[in-house]
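Throughout, read-outs are computed from the coordinates displayed, never taken from laboratory work. Computed from a predicted structure; not experimentally measured. All Cβ positions, glycine included, derive from the backbone under ideal geometry; neighbour counts span all protein chains shown.
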Amino acid sequence: MMKSRYLPLIATCLIFVLAYALCYWQFPFMLSTRVVGNLLTDNAFLGIAAVGMTFVILSGGIDLSIGSVIAFTGVFIAVVLKETSLHPLVVFALVLIITAIFGGIMGAIIHYLEMPPFVVTLAGMFLARGIAFVISTDSVPVKHEFYTFLQDSFYRLPGGGRITVIGAAMLVVFFVGIIIAHRTRFGTNVFALGGGIPTSKLMGVPVAKTTIGIYAISGFLAGLAGITFSLYTSAGYSLAAVGVELDAIAAVVIGGALLTGGSGFIAGTLIGVLIMGLIQTYIIFDGTLSSWWTKIVIGILLFAFILMQKGLLLAASAQKK
Amino acid sequence: MNSLKRYAPQLTTLAIVLLLNYLVFPDFFKIEIANGKLYGTLIDVLNRGAPVALLCVGMTLVIATKGIDLSVGAVMAICGAVAASTVDSGGGVFMALSLALLAGLICGIWNGVLVSVLNIQPIIATLILMVAGRGIAQLITEGAILTFNDEGLIFVGSGSIFSIPMPILIWIAVGIIVTFIVRRTALGMLIESIGINQRASTFSGVNARVLLILVYAVSGLCAALAGTIAAADIRGADANNAGLWLELDAILAVVVGGTSLLGGRFTLIGSLIGAMIIQSINTGILLSGFPPEFNLIIKAAIIVIILVIQSPALQSKYIEYRDRRETGKTPVGKDAAS
Amino acid sequence: MNKNQPLLKATKIDKTFPGVVALDRVDFTLKAGEVHALLGENGAGKSTLIKCLTGAYHRDGGDILLNGETISPRDTLDAQGLGIGTVYQEVNLLGNLTVAENMMIGRQPQRWGMIQTGQMNWQTKEILSQYGLDIDVAQLLSTYSVAIQQIIAIARAIDLSGKVLILDEPTASLDAKEVQMLFGVIRKLKQKNIGIIFISHFLDQVFEISDTITVLRNGKLIESVATVNISSIDLVTMMLGYELGEETKSKEHDGVEREILVEFSNFGHKQSIEPFDLVVGKGEVVGFAGLLGSGRTETAETLFGVTPHDSGTATFKNKSVNLSSPRAAIANGFGFCPEDRKTDGIIADLTVRENIILALQAQRGWANPLPKSEQDEICKKYIKALDIRPTDAEKPIRLLSGGNQQKVILARWLATNPAFLILDEPTRGIDVGAHAEIIRLIENLCEDGMSLLVISSELDELVAYSHRIIVVRDHQHIAELVGSEITTNNIVEAIAADLNVDNGQYELKGVIS
């Protein structure tokens, strides 16, 4: 019985290990700190955004605005750095406040107007992307010595791999996310909402506060992902990060969370992100396989996990009877 | 008269948008014939609006059953790719069209089976194809933009009959045919009854399972047509960008048209007007010299306004308020008695 | 605290909903350390009273005193803070959280903002051990049986409230052994001087566990008595509103040998109704009597394929038939007016016309629409025949009153011209005039040769039109009354039979576990 709760997570880990073993078997170099370091760096922005998405999905919601918020953040940073002499850290703080408030407002609309998160965050998606467009339609390069400093800082692993600032940032975000989700009252409340809002209300869970908090976190982390993305690309472009929300949703589901909410693990999402990164790395290593296989394989994994969750639910209810 | 009244909010909105367009661009309503084909901004609106108009026909039926179909954009890409690769490998336009429609049908049935037989939430079920669909399309086009010069297929996108561009004819024809089918048969009512109360409908013998598959299949077919037109228009299948985010435009058109996202009563005509409103806004922004960047912000604003109007919370508050006002008028004697 | 002072005292509670007086000056008194059963059929006002006590509804009039002080709970959380906790049938806890999280949510022990999981689990274990429960509290709640979840919910309610515990149908989904486990817990709570309000439709359980019984009917207080002073027959009589000895007109056994229309043998469904045999003749009205939750609705839903039977067979006109879904049942000429109009009957946003033709249209298939003229004719016919008001068939059905909605659903089935029609509580929540009409209609239909199965808690109605009555209790068909046996007395006696053997000295029936 205990297994069913951890089964999706175990399945995710198993898939990851198997996939990595397969990669290693074909390309022994895949098991090097260098590849691992790149895996972390390349997927840092997705990973950070996916942590926010995990909170949203755990609560039974969905946030479609993530990709747009990342693009907005990138453009905002690039333009502000170009136009003013503010220090990047100040700009970072500013943009994080904006995105957190943005998310919080969406949460408030979802709660107080009782509207489906899907539609509300769809409006948010249009709005954030639109504002990014309005700020600048061009790709604005970022040239700042602080950026160069951050990009050049890394921790060298034995074997030549690098843990970059953004790679490390993702790991830190995951760590903090795990603590918040699984070790705080807020985290328990997030799971409670996913289990059922009316029941949560009856049990005294502060539904309004929690909902707003969840979307504020998602907005904040999308902002942080935007900063990461800006460091990764050294530019801000309003057409960037299109569809990242889909990748994030996929990572969360492959990470073993139930899309209907109430069950899942932040750590699972990390592995979900890494599995997706691994597929991409494999395709690059292979050279003959085309990039579209990534999408197809992710789609198949999504389907498999949704089916597995459905099966588990059925099995659980059959067992009860 | 009655139907005019019913679509009053949509028609008013459309009129206002068109009027605004006219104000910024006095030639807006000018239509001329050149090369045996109608030209003009208004025609352009109708022409460019074709994919969304087609998508929102299927989407309306899906939403009426309390569902949603996120995959239509990806299905467009798949079907465009199928059509393009068919003519490239020597098939004629009919072959291309049939295969594209078949592909759309299969995609739709896949979604329908997930929703109705496996009982997966529509938003989740259609997400799978939304993610994987573009990969499949790229698989067909082998990653490149698959161009073609088959006159027949190109005709579907940019030809004209009686001076009217094909895309316009197609979406209007599909709109009329589907409206005719759902309203002249019992289909429309049965779909609505599922969307309003699936349990009670099943109790009354409505075959919800089959009807659910059917609406997703229709949505797939509409996406196939839209995808073919989009490909024919640019004479190539672009797996990456064909129909990108059009599912969101289609959902928006349905909602603007007056069908509630919570399912139930639907109006295809309203949705089509909604699609034209959206396209007029797009064109209008372009014409006004207003930067196209504002397009998305305006869309966001429309969604927010509609959200507020449709919000169940606000509606119940309003009803409460209205009831309180009404009960305030009832005789005071009752209170005096206690 | 004064020993004689009641723990909870509600006086002259009034609650009116649009068109319905749900509670009419109801008094209710609960003493500390008492188990007080609250009884009544659907619509009697039990749940309205509970909701007024827990703040889910705001009473229109009357006072609630807890320990002598007036209270007016704003909502259930407020009531909980005041000391009134509630546990519902479908456990209102979160299955996706652990037992400990459910118990401690919102008050988990923390250090530096982080939950001390070990301490939380330990505290929960401590609390549950008082109830004789030794389980792994770090497991998800959903991994435990309903009975254990129920006890966890009770433990939580007591831990948070500690004065009054309301148990709303707590035993509905428990087996006999689990019921005893729950009763053990209730007895322990009694010793701790907690006042318990116990709502159940299992009369044997009420006799076993309760000290006092309060009966409500139609929003009015009927009586509050000590359990030892009442017999089960008196109790059933109070609940259903019949005076013993008062005979209602009963049909003479008409002696007509009816042609068999449908025959069910060994028909049943594991969770809802034990296998039964049932024969319905052509033009016969079979009445189903039993208290709420006895298995009467479950019987109907199994017959109609809503919960497809997992044992037995059915024959229709001597041919074996498939009844695996409502569609299949309808194809065989069945019809079913469900008890819960709102969720199972009406399609709220569709018009009266569309609601009337729905079943007929579904039967014909979507491609074969009823012509509009025919639709209008059907509607006109039934609106007139059933006196549906308003007469405008193009109004959404949600705007109609309950009684008229019921008539529209009836019309929906009559339009399909069924051979066998099942009516579940056809007269519930309908005004007196409509009652008479529906009864007359049932009689006319059966004269026309239609076979009917009618479930009703209105016994005199059942007696008036049934040729045969089947009494259901504890998910079993326990008695069959024919001809002159059909009297309200006999029905009440059958329902109450074997229930109380000398003042609560009740021996458990059906503990075959």
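Numbers for the structure displayed
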item: Backbone HN-Hα couplings from phi across segment B:218-223 [Karplus 6.51/-1.76/1.60, Hz, Gly and Pro as x]; result: 4, 4, x, 5, 4, 5
item: Value at 222 nm in deg cm²/dmol, rounded to 500, when DSSP H runs of n ≥ 4 in chain A each add -39,500 (n - 2.57); result: -25500 deg cm²/dmol
item: Förster radius 56 Å - calculated FRET efficiency between residue C:134 and residue C:485 (Cβ-Cβ, nearest 0.05); result: 0.60
item: Shielding by partners - mean other protein chain Cβ count within 10 Å, residues of A:127-134; result: 6
item: Charged-residue dipole, Cβ positions (Lys, Arg, Asp, Glu), chain C about Cα centre, Debye nearest 20; result: 1600
item: Footprinting exposure proxy for B:202, C:70 (fewest neighbouring C-beta atoms within 10 Å first); result: C:70, B:202
item: Protection-proxy order for peptides A:23-35, B:203-215, B:44-56, C:132-144, each taking the mean of Cβ atoms within 10 Å per residue, highest first; result: B:44-56, B:203-215, C:132-144, A:23-35
item: In order through segment B:143-156: 3J(HN,Hα) via Karplus (6.51 cos²θ - 1.76 cosθ + 1.60), integer Hz, x for Gly, Pro; result: x, 8, 7, 7, 8, 8, 10, 5, 4, x, 5, 4, 4, 4
item: Residues in segment A:102-131 reached by a label modelled at residue B:288 [backbone nitrogen below 17 Å; 7 Å Cα→Cβ]; result: A:127, A:130-131
item: Neighbour-count order for A:220, A:92, fewest beta carbons within 10 angstrom listed first; result: A:92, A:220
item: Cα gyration tensor category, rounded, prolate or oblate, for segment A:2-320 with a/c compared to 1.5; result: oblate
item: Virtual spin-label span in nm between residue C:478 and residue C:364, 7 Å along Cα→Cβ; result: 4.7
item: Long-range amide H partners of residue C:311 with built H, under 5 Å; result: C:268
item: Contour minus Cα-Cα distance for residue A:314 and residue A:134 (0.36 nm per residue); result: 59.9 nm
item: Amide hydrogen neighbours beyond the local backbone of residue B:65, cut-off 5 Å, H modeled; result: B:264
item: Whether segment A:1-69 is rounded, prolate or oblate, judged on the alpha carbon gyration tensor where a/c under 1.5 counts as rounded; result: oblate
item: Phi to ³J(HN,Hα) by Karplus 6.51 cos²θ - 1.76 cosθ + 1.60 over segment A:78-87, Hz, x for Gly, Pro; result: 4, 5, 5, 5, 6, 8, 10, 10, 4, 6
item: Neighbour-limited loop hits for trypsin sites (Lys or Arg not before Pro), segment C:87-179 (at most 14 other Cβ within 10 Å; DSSP other than H, G, I, E, B); result: C:107
item: Chain B: C-alpha gyration tensor shape, a/c 1.5 cut-off, then a/b vs b/c; result: oblate
item: Residue-averaged beta-carbon neighbours from other chains (10 angstrom radius) around C:100-110; result: 3
